[in-house]
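The values are calculated or read from the model by the stated rules, or taken from the named source; none is laboratory data. Note that this is a predicted model, so its numbers are computed, not measured. Backbone-built Cβ (ideal geometry, glycine too); neighbour counts: all protein chains shown. Accessible surface areas use protein heavy atoms only, side chains included; no ligands, DNA or RNA. Shrake-Rupley method; radii C 1.70, N 1.55, O 1.52, S 1.80 Å.
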2 protein chains.
Amino acid sequence: MNIGIVGLGLIGGSLGLDLRAQGHRVLGVSRREQTCKAAIERGVVDDASIKPKLLAEADVVFICTPIAAIASTVNLLIPHLSATAIVTDVGSVKAPIVEAVSHLLPNFVGGHPMAGNSESGLEAAQTDLFRGKPYVLTPIETTPPEALNTVEEIVRSLQAQVYHCHPADHDRAVGWISHLPVIVSASLVAACLSENDYAVLELARKLASSGFRDTTRVGGGNPELGMMMARYNRGEVLRSLHQYRQNLDRFIFQIEQGDWEALEQQLQRTQQGRPQFLSAKDS
Amino acid sequence: MNIGIVGLGLIGGSLGLDLRAQGHRVLGVSRREQTCKAAIERGVVDDASIKPKLLAEADVVFICTPIAAIASTVNLLIPHLSATAIVTDVGSVKAPIVEAVSHLLPNFVGGHPMAGNSESGLEAAQTDLFRGKPYVLTPIETTPPEALNTVEEIVRSLQAQVYHCHPADHDRAVGWISHLPVIVSASLVAACLSENDYAVLELARKLASSGFRDTTRVGGGNPELGMMMARYNRGEVLRSLHQYRQNLDRFIFQIEQGDWEALEQQLQRTQQGRPQFLSAKDS
């Protein structure tokens, strides 16, 4: 199969490595000549160009640009693609993208590989990035079944765990477990930094250990990515934040009231509820 | 030296292993006969008893009971100790303990080894638990310098990093980096569990990955310990929670207003500020 990849960063580059290893012909498009050259040198693609006409013979195209550029990229590509070409994306928010792109192009399947790590860029690309990780596909009523089947077959060949759901369900779910934690965690760092007694702040810095490190990890991540999640999944992120604030306020109330029994019970529910979100894929 | 340990759990047991290895005579006191027997069998202590009179010849006594029992335990011990015996504790909150115990016994030095892990009980005791970890000592104006020096010498022999500070500064610092994260993290689990669309909750459970796991780890910990931290460090925990809530509200406001530039700047400050709380001791 001829597979196009637009955007040759961590995700696009890693896709290229796996798909080439399977014998597909991989065609890369990047905004920068230098990235095209590096991608060919690293063996991430068979050929690369800054011009979308390279994709004229592509059967399937993965859009791996930042979220903000997905719809406009598809729009630019359309005149250059064959009439039967199937397009999919890897954006971490789905409803607004699927809404925008499916109007431009019927043969579109929304996708979200949950396989990022703290690195980015073509240099970070690696084989088997998707193995064992969730990869969500978000077909809608108008998605052609053949397009979905073709994308799903490729995704399964990456050894990813495929899930299907509606774009809105995807956005609500990742709002809870991926986007909300970023704001919760960032607020914790911000709060600690606000301590204005320098001796206490110094002491806190020295005493902070694995608990603090883990709780603040996602809040200390890529600021642009965090902003984009909130921007494109704004409704769900706000909904989850308001719910979170209620849960936080309940804890504050219990501590203010000195209702230690209620506090301990609430912490027990938390301890018991957490493992259902963890599974073998994390270990 | 004859060293007494009251409370033979993870901390008390690990202290016993290290101190015996250095040639001290270690005397253990536990509420349960079975624990005394197990401690002798495991080589954690030279002798153990449920009766505090075992400690009549102790030069230094470590109180390793749960926070709630520290002051009452010291009160029970006093009639059995020699007049020169030095007492120290390992409670994770210092001001209320130092306040209560220093009235009972002048020869008292508050201490807090920050070396716990997710396990507990004598079975979890291990050598070198304290090596490289912070160990805070909280002397006050009335603490006899000889008592402080003796405790500090023992703590240094465990290869711990010793810090000195006022009990109130300790409690404020650990409020930020240890107690606040528990409530922040537990609230996140509670919020996610509140999703009442079962399909979304199921999807969230399947998609949750390392980011969710890390952000919720301390919130899913021992409920009794979490409650005790809030109970004994109530003032500082509430102060930090109210500050946290303000930082959270600022993020919510930025997202509601769609002020993406301010949001990204705030996330940049978080990303830049976090590393000052991390150090070689965590890796």
Efficiency of FRET between B:Q272 and A:R25 - r from beta-carbon atoms, R0 41 angstrom, step 0.05 | 0.40
Near the amide H of A:D89, under 5 Å away, which other amide H atoms are found, from residues 5 or more places off or on another chain, if H is placed in the peptide plane?
-> A:I63, A:V109, A:G111
How well do other chains shield peptide B:127-134, expressed as the mean number of their Cβ atoms within 10 Å of each residue Cβ?
-> 1
Which residues qualify? For B:G4, with a placed amide H closer than 5 Å and at least 5 residues away or on another chain, they are B:L27, B:D59, B:V60, B:V61, B:F62
Here segment B:217-225 yields Karplus 3J(HN,Hα) values (6.51, -1.76, 1.60; θ = phi - 60°; whole Hz; Gly and Pro given as x) of 4, 6, x, x, x, 3, x, 5, 5
Rounded to whole Hz, the Karplus (6.51, -1.76, 1.60) HN-Hα couplings of segment B:53-70, x for glycine and proline = 5, 4, 8, 4, 9, 5, 7, 9, 10, 9, 8, 10, 7, x, 3, 4, 9, 5
Relative to the compact-globule scaling 2.2 N^0.38 Å, provide the ratio for the alpha-carbon radius of gyration of the protein assembly as shown.
-> 1.15
Would you check the accessible area of A:K94, probe 1.4 Å, heavy atoms only, in square angstrom rounded to 10?
-> 0 Å²
B:W260 and A:V162 label points (each 7 Å along its Cα→Cβ direction) are spaced in nm at 3.2 nm
Residues B:T142 and B:S82, FRET efficiency given R0 of 22 Å [Cβ-Cβ distance, rounded to 0.05] | 0.65
Just the number, please: buried accessible area between A and B, total of both chains, 1.4 angstrom probe, nearest 100 square angstrom.
-> 8900 Å²
Expressed in nm to one decimal, what extension gain is obtained for the pair B:A124 and B:N75 from 0.36 nm per residue of sequence separation less their Cα-Cα distance?
-> 14.8 nm
With all protein chains present and a 1.4 Å probe, the order of B:H103, A:H24, B:H179, B:H80 from largest accessible area down is B:H103, B:H80, A:H24, B:H179
P(r) of chain A over all Cα-Cα pairs, binned every 10 Å from zero, in whole percent = 6, 25, 31, 19, 11, 6, 1
Under a 1.4 Å probe, what is the accessible area of segment A:215-281 per residue, stated in Å²?
-> 46 Å²
Residues whose modelled amide H sits under 5 Å from the amide H of B:V136, counting only those 5 or more places away in sequence or on another chain, are B:H112, B:M114, B:Y163
At 7 Å out from Cα toward Cβ: B:S72 inter-copy label distances (nm, ascending) | 6.8
Taking 0.36 nm per residue of separation between B:E202 and B:A68 and subtracting their Cα-Cα distance, the length gained on full extension comes to 44.3 nm
Could you give the size of the charge dipole of chain B about its Cα centre, using +1 on the Cβ of each K and R and -1 on the Cβ of each D and E, expressed in debye and rounded to the nearest 20?
-> 320 debye
Average projected area [Cα convex hull, segment A:86-141], square nanometres = 4.7 nm²
Let me have the 222 nm mean residue ellipticity of the protein assembly as shown computed from DSSP H runs of 4+ only, each contributing -39500 (n - 2.57), with the sum over all residues rounded to the nearest 500.
-> -15000 deg cm²/dmol
Volume of the Cα convex hull of segment A:165-253, divided per residue and given in Å³ | 120 Å³
Using θ = phi - 60° and the Karplus relation 6.51 cos²θ - 1.76 cosθ + 1.60, list the HN-Hα couplings for segment B:171-184 in order, rounded to whole Hz, with x at every Gly or Pro.
-> 5, 5, 5, 6, x, 5, 9, 10, 7, 4, x, 5, 6, 4
For the protein assembly as shown, give the magnitude of the charge dipole about the Cα centre (Cβ charges: +1 Lys/Arg, -1 Asp/Glu; no others), in debye to the nearest 20.
-> 280 debye
Order of exposure, largest accessible area first, which applies to B:T84, A:T143 with probe 1.4 Å | B:T84, A:T143
Surface share of carbon and sulfur [accessible, 1.4 angstrom probe, percent] for the protein assembly as shown = 48 percent
Roughly how big is segment B:213-283's charge dipole about its Cα centre, with Cβ charges of +1 (Lys, Arg) and -1 (Asp, Glu), in debye to the nearest 20?
-> 380 debye
Quick one: net charge of B:L105's neighbours, Cβ under 15 Å, K/R +1, D/E -1?
-> -4
Rg to Rh for segment B:1-112: what is it, with Cα atoms only and Rh by Kirkwood?
-> 0.93
Which length gain, in nm to one decimal place, applies between A:I50 and A:A100 when the Cα-Cα distance is subtracted from 0.36 nm times their residue separation?
-> 15.6 nm
Under the definition of partner shielding as Cβ atoms of other protein chains within 10 Å of a residue Cβ, what is the mean value for peptide B:217-228?
-> 6
In this structure, among A:K206/B:K133; B:K37/B:K133; A:K94/A:K133; A:K94/B:K206, pairs with alpha-carbon gaps over 20 Å are B:K37/B:K133
Sum up the charges of everything whose Cβ sits under 14 Å from the Cβ of A:P167, counting Lys and Arg as +1 and Asp and Glu as -1, but leave A:P167 out.
-> -4
Accessible area in square angstrom per residue, segment B:1-54, 1.4 angstrom probe = 46 Å²
At a 1.4 Å probe radius, which order do A:Y232, B:Y135 fall into by accessible area, largest first?
-> A:Y232, B:Y135
